[in-house]
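What follows is a set of notes on a single structure, which appears directly below.
The values are calculated or read from the model by the stated rules, or taken from the named source; none is laboratory data. Keep in mind the model is a prediction, meaning the values are calculated, not measured. Virtual Cβ from ideal backbone geometry, glycine too; neighbours counted across all protein chains shown. With ligands, DNA and RNA removed, areas are computed over all heavy atoms of the protein, side chains included. Shrake-Rupley method; radii C 1.70, N 1.55, O 1.52, S 1.80 Å.
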Amino acid sequence: MKKIALLFSFFVLALAIQVNAQDAGPVITFKENSKDFGDIVQGQQVAHTFVLTNTGKQPLIISNVAATCGCTVPSWPKEPVAPGKSAEIKVSFNSTGKVGKQNSVVRIYSNASEPIEKVSLISNVLTKSN
């Protein structure tokens with residue numbers, strides 16, 4: 001019985017240490033993770049600004065933001081985002097040469113508890129009618 005109590009105590013202590021370690025760093029919280037533009041015409045460019053908040057306890061540093069293709073261009077803050085503060089990641093999508101359902105994924109690399117977050121622009125590209 002003492003072994004079970006000791007094992008349980010060790011488990012609770014390990015869990016508390018893990019939770020405390022996660023609470024110590026930055027955490028990205030997005031207002032929204034995707035934007036659906038619905039139908040757009042081929043060649044049309046659309047853009048959206050994703051708002052994020054650092055809900056952690058340490059400054060958030062975004063080291064890189066990468067798109068899945070050259071048709072999607074992100075811009076992001078280069079300065080640290082303080083705990084409790086917000087920042088914007090602007091993403092534009094150029095539908096030239098695209099047809100049909102598109103899901104342009106952008107990966108955000110940072111020092112947050114989840115080091116890679118994703119946002120996406122969704123659209124259905126229709127061919128131009130002359």
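So which of Gly56, Gly70 ends up being in a loop (DSSP other than H, G, I, E, B) and either under 30 Å from Gly100 (Cα atoms) or touching a His at 6+ places or on another chain (Cβ under 6 Å) (or both)? The match here is Gly70.
Tally time: how many residues in region 16-45 are modelled with pLDDT of 55 or more and either under 22 Å from Pro77 (Cβ atoms) or not in a loop (DSSP other than H, G, I, E, B) (or both)?
Filtering region 16-45 down to residues modelled with pLDDT of 55 or more leaves 23-45.
With either under 22 Å from Pro77 (Cβ atoms) or not in a loop (DSSP other than H, G, I, E, B) (or both) added as a condition, the list becomes 23-41, 45.
Going through region 16-45 one residue at a time, the tally reaches 20.
Can you tell me which residues in region 85-109 are under 12 Å from Asn64 (Cα atoms) and either open to solvent by less than 20 Å² (accessible area, probe 1.4 Å) or acidic (Asp, Glu) (or both)? Explain how you work it out, then say what you get.
Filtering region 85-109 for residues under 12 Å from Asn64 (Cα atoms) gives 89, 106-109.
Passing the criteria: Ile89, Val106, Ile108.
Selection of region 61-84 for residues being surrounded by fewer than 13 Cβ atoms within 10 Å (Cβ to Cβ) and out of contact with any Lys or Arg (no Cβ under 6 Å at 6 or more places or on another chain) yields Ser63, Asn64, Cys69, Gly70, Lys78, Glu79, Gly84.
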